[in-house]
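For reference, the structure is listed below as C-alpha cells.
Quick note: the coordinates plus some simple rules give every number you see, no bench work behind them. If you're wondering where the values come from, they're calculated on a predicted model, not measured in any experiment. Every residue, glycine among them, receives a Cβ derived from its backbone with ideal geometry; neighbour counts consider all protein chains shown.
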Amino acid sequence: MTPILLHPGDIAIASALILLDAALSVALQLRLHWQLGIAAARMVLQLVLIGFVLRAVFALGLPWLTLLVIVVMVAIAGREVAARPEQRLRHFGNHLVGGAAVAMATLITALLALTTAIRPHPWYDPHYAIPLAGIVLGSVLNGGSLALDSVLGGVVRERAAVEAQLALGAPFMRAMRGLIRSSVRRGLLPTINQMAAAGIITLPGIMTGQILAGMDPLEAAKYQILLMFLLSGGSGLAAVAVVYLAVWRLTDDRQRLRLDRLIAKQHGPKP
Amino acid sequence: MAPPRLRLTGLHSALAGPFNLSVDAGECIAVSGPSGSGKSLLLRMIADLDPNQGEVWLDEQPRCGIPAPVWRRQVLYNAAETGWWHEDVAPHFQRATLAAARALVPRLDLPPDLLDGPVLRLSTGERQRLALVRALVHDPTVLLADEPTGALDADTTALVETVLGERMATGMAIIMVSHSHEQACRLGHRQFHMRDRHLHPA
C-alpha cells in the first residue's frame with residue numbers, strides 16, 4: 001500500500017478551518033485572530049522549510065550535519081522552555097537551566113532508543129536520529145516548560161511558607177520539598193494524561209500518521225508504544241532536571257532563598 | 001561580667017547597616033522606626049536569611065563556623081507575615097514539639113483544638129500567635145520577633161508579653177521590632193530607632 005500523496009490544493013481547503021476560527025475570533029471579539037494567523041503561517045513556513053532541510057540532510061547522510069541539526073533543534077527547544085515562565089532567573093539562568101535540561105533529557109532518551117530498540121545502521125542514520133530527537137524534544141519542551149513555570153511561579157507565591165521553614169532551621173531542600181514535588185508533577189501530568197487517553201480518547205499522532213501512510217495498525221501501535229515510553233521518559237527527566245537546576249540557582253552556600261536572582265518577565269506586545 | 005549572648009560586628013549589606021550591637025542573655029532590644037526603614041532587613045540579616053557581610057556571634061561563637069540551619073534554629077526569626085506549608089496546623093510541628101505546643105497554646109488564649117484544624121480557618125491574630133508558638137517550642141537562644149503582636153488586641157498582647165518575659169527570665173534574648181511605643185517600654189531593656197537603615201539609640 002502506498003501513501004496517498006497530498007496536493008497543495010488539498011491543504012488549502014483544510015486551511016479554511018483556520019480562517020473560520022479567525023472569523024469567529026473577530027465576531028466574538030476574542031482578539032485571537034492575529035495570534036492564530038501568525039501561528040498558522042509560522043507553522044506552514046517552518047514545516048515546509050524543515051521538509052526541504054531534512055530532504056537535503058537525508059540525501060547527504062553526513063554525521064556532523066545530523067549532529068548540527070539536532071543541536072540547533074535542542075537550542076531552540078531550550079529557548080522555548082526558558083521563555084515560557086513569567087519569572088526569569090537572572091544572568092540568562094532560564095536559558096542555562098532550560099538548555100541543560102532539554103539537552104540532557106533528549107540525549108539520554110534518543111540515544112537509548114537508537115542503540116537498543118530501533119537500531120538503524122549506522123545508529124546515527126539521520127532518517128531515524130532526527131525525527132526521533134524531534135518528537136522527544138516536543139515532549140521534553142512541554143514537560144520542561146511547565147515544570148519550570150511551576151517552580152519559579154510557586155517559589156514567588158510561597159515565599160513566606162518557604163522562608164518560615166528556613167527560619168525554623170529547615171535545610172533548604174526540605175523547605176522546597178513540596179514545591180519540587182508539585183512542579184515535577186505538573187511537568188509530568190500531560191504525558192500521564194496522554195498515555196491514559198492513548199487509543200481510547202485519541203489516536204496518537206504517530207500512529208495516525210503511520211496508518212494514514214499505509215502501515216499495519218498493530219505495527220503502528222507498537223511504534224506508538226515505544227514512542228510513548230520515550231516521550232514519558234524524556235519529559236520526566238526534563239521536568240526533574242529543570243526543577244532541580246532552578247532550585248539550585250535559587251539558593252546559596254548559606255541555604256538562603258535567593259529571590260533576588262529572579263526578575264519578572266517584561267510584559268510587551270508579543271505575538 | 002558574662003559575655004553577651006548575641007553580638008553584631010559590622011553587620012551590613014548593600015541595603016542596610018553597618019550594625020554593631022551587643023545583647024545580653026535575658027535582654028530585650030526594642031527596635032522602632034517607620035516602614036521601610038530596614039527593621040526587618042536587620043532581623044533577616046542576623047538570621048542569615050538575606051546575603052550580608054560582617055559577623056554575628058552567639059555566646060562568642062562566630063556564625064560563619066555554624067551551619068545555616070543550625071544557626072537559624074538558635075537565632076530564630078519570627079516574621080511579621082506568617083508562613084504555612086501544610087493544610088492542617090498540626091503537621092507544622094514536629095512530633096517532639098507538639099506536646100510543648102499543646103501546653104503553650106491555651107496560655108495565649110487559643111482554643112486547644114486549633115492545633116488539629118486546618119490553617120485556612122485561622123484568623124490573622126490566631127496565625128500570629130500560633131507562629132510564635134511554633135518558634136518558641138524550638139527553645140531558641142535568641143528570638144528575632146518582627147511585630148509579634150501586630151495583629152493582636154491589648155489583652156492577648158499582654159498574654160504574649162508575659163510568655164516572652166518568662167522566656168527572657170530563663171536566658172532567651174530578644175530583638176523585637178514593634179510599632180508600639182508602650183510595648184517597647186514594657187518589654188525593651190534598651191530601645192533603638194531605625195532611620196535610613198541605620199540604628200540609633202532612642
antiparallel share of DSSP beta bridges within the protein assembly as shown, to nearest 5, in %, is 50
Built amide H within the under 5 Å cut-off of B:M172, gap 5+: B:G26
Considering amide H positions built from the backbone, and no H for Pro or chain starts, which residues 5 or more places from B:L11, or on another chain, come under 5 Å of its amide H? B:F19, B:E55
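Given a Förster radius of 35 Å and the C-beta distance between A:V44 and A:W248 as r, what FRET efficiency does 1/(1 + (r/R0)^6) yield to the nearest 0.05?
0.30
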Cβ-defined net charge surrounding B:W84, 14 Å radius [Lys, Arg +1; Asp, Glu -1]: 0
Calculated from DSSP H runs of 4 or more alone, at -39500 (n - 2.57) each and per residue, what is the 222 nm mean residue ellipticity of chain A, nearest 500? -25000 deg cm²/dmol
If I require 27 Å or longer along the helix axis, counting alpha carbons, and a Kyte-Doolittle average no lower than -1.0, what helices from chain A are left? Use full DSSP H segments. A:8-27, A:33-60, A:63-83, A:93-112, A:126-157, A:177-197, A:217-249
With 10 Å bins from zero, work out the P(r) of chain B over every alpha carbon pair and list the percent per bin. 9, 37, 36, 17, 2
Binned Cα-Cα distance frequencies in the protein assembly as shown - 20 Å width, integer %: 20, 40, 25, 14, 1
Show me, for region B:180-195, the HN-Hα J-couplings you get by feeding each phi into the Karplus relation (A = 6.51, B = -1.76, C = 1.60, θ = phi - 60°), rounded to Hz, glycine and proline as x. 8, 5, 5, 4, 4, 5, 5, 9, x, 7, 9, 10, 10, 10, 9, 9
So how far apart, in nm, are the two label points at B:Q53 and A:I108 if each is 7 Å from Cα heading toward Cβ? 4.1
Give me a comma-separated list of calculated 3J(HN,Hα) values for region A:119-125, in order, Karplus coefficients 6.51, -1.76, 1.60 applied at θ = phi - 60°, integers in Hz, x for any Gly or Pro. 6, x, 10, x, 5, 8, 3
If each residue's Cβ is checked for other Cβ atoms within 10 Å, how do B:I175, A:I70 rank with the fewest at the top? A:I70, B:I175
Please find the FRET efficiency linking A:K222 to B:A158, where r is the Cβ-Cβ separation and R0 is fixed at 45 Å, and quote it to the nearest 0.05. 0.05
Given a Förster distance of 30 Å, report the FRET efficiency between B:E60 and B:D109 from their Cβ-Cβ distance, rounded to the nearest 0.05. 0.20
Virtual spin-label span in nm between B:H189 and A:R159, 7 Å along Cα→Cβ: 3.4
Would you tell me the mean number of C-beta atoms belonging to other protein chains that fall within 10 Å of each C-beta in A:251-259, as a whole number? 4
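Taking all pairs of different Cα atoms in region A:63-264, averaging 1/r and flipping that mean, what Kirkwood radius in angstroms comes out? Present the calculation step by step, with values, prior to reporting the outcome.
Values: mean 1/r = 0.0557 Å⁻¹.
It is 17.9 Å.
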